[in-house]
């Protein structure tokens with residue numbers, strides 16, 4: 001009897017995590033080497049409760065809908081696990097004759113993936129564990145970028161382009177768009193792509209990699225408002241001051257989560273208070289990771305491929321690794337899939353390098369835009385403006 | 001020599017205001033009866049400053065980009081005008097040999113349109129003035145609905161569908177989506193269409209037409225969280241308590257504008273404070289009126305048609321009216337263009353009728369969904385979920 005394969009999702013969903021699931025399931029079916037193709041219902045918690053979803057016989061026309069389904073179609077979790085739980089998982093896997101495991105997620109999940117791999121190795125069973133990269137934040141180490149980022153980047157680029165066009169037509173003095181990415185500014189930076197084609201980019205971009213200085217922000221805004229009537233600021237939700245404290249006060253703590261005020265609204269209020277200009281903050285928040293209409297075609301295809309390749313690697317006996325992408329060339333865009341030792345990615349958070357941030361710390365460089373442009377896929381539509 | 005035509009935009013842009021501009025310009029060209037086709041740069045303010053944009057000879061392939069350009073491609077304004085300014089406008093129109101004026105906007109603009117029409121009539125000149133309806137809020141009277149609404153409705157329906165799917169995959173206890181529409185709940189109500197196809201709708205919808213009771217909200221949320229782990233609430237930005245006061249305190253006043261806190265974040269904080277559950281608020285804000293990818297095809301076509309018909313009406317000598325749509329049938333969807341006396345629409349704000357709001361005041365009726373469904377155009381994509 002053929003051994004079974006299990007797919008587990010971890011962490012926040014993206015617009016393409018289900019595309020990786022599709023790629024993995026398709027490859028497992030095609031191989032003819034897998035018994036049941038199972039998914040853990042709602043992440044590692046489901047695995048520990050032995051709650052499995054059997055995807056082996058889902059009709060192809062149904063399965064293809066995964067490519068256009070946001071969220072995680074098998075559920076996901078943010079469980080923090082202790083060593084005894086890893087051992088329990090390993091025993092459950094053996095019990096269900098599951099000898100191949102795919103874990104799809106970001107830094108936290110790759111940590112889980114690495115620990116499960118090491119536990120299995122130490123226990124001497126023959127369970128193979130492979131990671132599929134996924135993070136809208138793009139903060140996974142070694143890989144050029146991770147599936148989920150391109151779509152989040154396209155969402156921000158499109159939204160910024162449209163917001164700039166809206167504000168240009170009826171100037172509100174300052175609009176601040178708050179963008180996801182608490183420690184890494186990759187998504188926030190992608191707003192600069194709004195200037196591609198005949199769009200206009202945001203006027204100011206504030207990244208969490210640089211300490212935020214309120215006085216400099218106010219002087220940036222003031223200088224720009226002397227030249228034009230409406231400006232668009234894009235700000236990371238994770239802006240911190242020079243001492244590393246969030247620029248918005250924590251307002252609640254519930255369990256492990258601390259709640260901060262909204263950065264966009266906070267900065268808008270600073271503008272109103274200190275300059276007397278009109279201002280408003282917008283925060284699409286979770287909408288920025290689940291928009292199917294703004295999916296990047298490149299991102300979706302790479303996500304599918306990452307699932308397929310991780311499954312292939314498992315089937316040829318690889319373990320303790322994560323699929324990644326190495327950039328071969330940018331123009332034309334070309335990447336090569338690679339396998340990365342899981343130790344190299346476990347919890348190593350990758351932030352924007354210096355060469356991608358401008359000297360004033362209020363924008364990005366051309367180098368960043370050149371790097372990011374291919375990832376958002378089809379590019380932005382042309383517009384026209386007469387005013 | 002042929003007389004000139006002027007197009008003026010007023011109020012906040014929508015995703016399709018430029019489609020009406022396209023329709024009007026195309027019709028004016030086709031007619032062969034118009035001299036120069038002019039636009040006031042940035043609304044009535046531009047007219048008063050005699051700043052015109054000449055659209056007569058813009059190549060067709062450029063002009064077509066208006067169909068996919070958000071914001072107002074000729075600018076718009078929120079100027080509040082006094083009687084001497086109407087007289088000044090009328091004199092400027094005569095000076096530039098403009099005898100036909102199209103004003104595109106919502107309630108405020110139709111008020112301006114009506115006053116300009118009356119001023120011209122009183123002055124005895126032969127300037128004709130026609131209104132083109134436009135409002136994402138859908139609060140214009142008499143007409144079944146106004147261009148701009150269908151796209152805003154589709155944005156909210158799509159966003160809610162995706163948000164519900166995201167939350168289902170990784171439950172955050174409560175997510176509150178704040179939606180535009182301070183006094184009228186038309187856009188907020190459209191979130192219910194997220195349940196179409198195989199999507200799931202929001203769990204609770206709070207409309208500005210009903211007084212908001214915090215205790216009832218908390219008991220609604222508590223009851224639902226006993227059954228499921230993550231719920232999605234959609235709330236109008238304009239929620240008011242039983243005394244008619246906004247549920248969020250005004251935090252600033254600058255000029256004519258009062259700034260309130262964000263309703264979504266406020267309600268999330270109420271949940272955290274009173275129930276101890278995790279919660280977050282999202283506010284796409286202006287993004288909800290400028291998304292081209294979420295444009296409704298029906299809305300865009302009706303916007304184009306409204307521009308075309310208003311221009312036709314002007315050319316056959318009509319004045320002091322607004323184009324509107326009368327619904328002939330819902331299944332199949334069929335509307336008939338009508339002309340409405342401008343007096344009937346000037347500043348008459350249309351809110352959701354009783355039969356569109358459910359008995360508990362926390363959702364909408366099937367009658368609303370049946371009414372709204374055709375307006376969002378192509379409908380929502382299918383998804384798949386296993387958890």
Quiz item: Of B:302, B:336, B:318, which is the most mobile in a GNM of chain B whose springs link Cα atoms less than 10 angstrom apart?
Solution: B:336
Quiz item: Looking at the stretch B:1-142 from every direction and averaging, what is the projected area of its Cα convex hull in nm²?
Solution: 8.2
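When the helices in chain A are scored as -39500 (n - 2.57) per DSSP H run of 4 or longer and the sum is shared across all residues, what 222 nm value do you end up with, to the nearest 500 deg cm²/dmol?
So the helix-based figure for chain A works out to -10500 deg cm²/dmol.
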Exercise. Among B:20, B:219, B:296, rank each residue by its count of other Cβ atoms within 10 Å, from fewest to most, as a rough exposure measure.
Key: B:219, B:296, B:20
Quiz item: Efficiency by 1/(1 + (r/R0)^6): what FRET value for residue B:360 and residue B:275, r their Cβ-Cβ distance, R0 = 22 Å, to the nearest 0.05?
Solution: 0.70
Self-check item: Cα-based helix-to-principal-axis angle, A:263-275 vs chain A, degrees rounded to 10
Solution: 10
Quiz item: Gap in Å between the Cα centre of the stretch A:371-387 and the Cα centre of the stretch A:154-188?
Solution: 14
Quiz prompt | Fewest-first ranking of A:316, B:78, using other Cβ atoms within 10 Å as the exposure measure | solution = A:316, B:78
Practice problem: Give the nm distances, rounded to one decimal, from residue B:94 to the matching residue in every other copy, measuring between label points 7 Å along Cα toward the beta carbon; shortest first. | Solution: 9.8
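Mind checking the mean number of beta-carbon atoms from other chains within 10 Å of the Cβ atoms in B:167-177?
Mean partner-chain Cβ count within 10 Å for B:167-177: 5.
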Quiz item: By DSSP, what percent of the beta bridges with both residues in the protein assembly as shown are antiparallel, rounded to the nearest 5?
Solution: 40
Quiz item: Size of the stretch B:268-387 along its principal axes in angstrom, Cα-based, largest extent first?
Solution: 64, 35, 29
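Express as a percent, rounded to the nearest 5, the fraction of DSSP beta bridges in chain A (both residues included) that run antiparallel.
Roughly 40 percent of the beta bridges in chain A run antiparallel, per DSSP.
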Quiz item: If you build a Gaussian network model of chain A, linking Cα atoms that sit under 10 Å apart, which residue out of A:339, A:67, A:275 swings the most?
Solution: A:275
Practice problem: Enter the angle in degrees (range 0 to 90, nearest 10) between the Cα long axis of helix A:297-315 and the first principal axis of the Cα atoms of chain A, meaning the one along which they spread out most. | Solution: 20
Practice problem: Kindly identify the stretch A:325-387 as rounded, prolate or oblate by the Cα gyration tensor criterion: order the square roots of the eigenvalues as a ≥ b ≥ c, call it rounded if a/c is under 1.5, otherwise compare a/b with b/c, prolate if a/b is larger, else oblate. | Solution: oblate
Practice problem: Note the distances from residue A:226 to each other copy's matching label point, with points 7 Å along the Cα-to-beta-carbon direction, in nm, sorted shortest first. | Solution: 6.3
Quiz item: Pairing the Cα long axis of helix B:149-169 with the longest principal axis of chain B, what angle in degrees results, from 0 to 90 and rounded to the nearest 10?
Solution: 20
Practice problem: With an 8 Å cut-off on Cα pairs and a minimum separation of 6 or more residues, tell me the relative contact order of chain A in percent. | Solution: 22
Exercise. Every other copy gets compared here: list the nm distances from the residue A:360 label point (7 Å along Cα to Cβ) to its counterparts, shortest first, one decimal.
Key: 5.2
Exercise. Normalising by the residue count of the stretch B:9-98, find the relative contact order in percent from Cα pairs under 8 Å and 6+ residues apart.
Key: 42
Self-check item: Choice from B:183, B:42, B:125 showing the highest fluctuation, given a GNM over chain B with Cα pairs closer than 10 Å
Solution: B:125
Quiz item: Using alpha-carbon positions, what is the distance between the centroids of the stretch A:232-301 and the stretch B:198-226, in Å?
Solution: 25
Quiz item: By how many nm would the segment from residue A:252 to residue A:328 grow when fully extended, if each residue of separation counts as 0.36 nm and the alpha-carbon distance is taken off?
Solution: 22.8 nm
Quiz item: What is the spin-label model distance, in nm, from residue B:343 to residue A:91 if the labels are put 7 Å beyond Cα along the C-beta direction?
Solution: 8.5
Quiz prompt | Gyration tensor over alpha-carbon atoms, chain A, equivalent ellipsoid semi-axes in Å | solution = 41, 22, 17
Practice problem: Could you please state, rounded to a whole Å, how far the C-alpha centre of the stretch A:304-329 is from the C-alpha centre of the stretch B:85-124? | Solution: 66
Quiz prompt | Cβ-based exposure ranking for B:149, B:86, A:22, in which fewest neighbours within 10 Å come first | solution = B:86, A:22, B:149
Self-check item: Taking the convex hull of Cα positions in the protein assembly as shown, its mean projected area over all directions (nm²)
Solution: 33.0
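We did not get these values from a lab; they are worked out from the coordinates using the rules stated. Everything numeric here is computed off the predicted structure, so don't read it as measured data. When we count neighbours, we look across all protein chains shown, and the Cβ atoms used for this are built from the backbone with ideal geometry, even at glycine.
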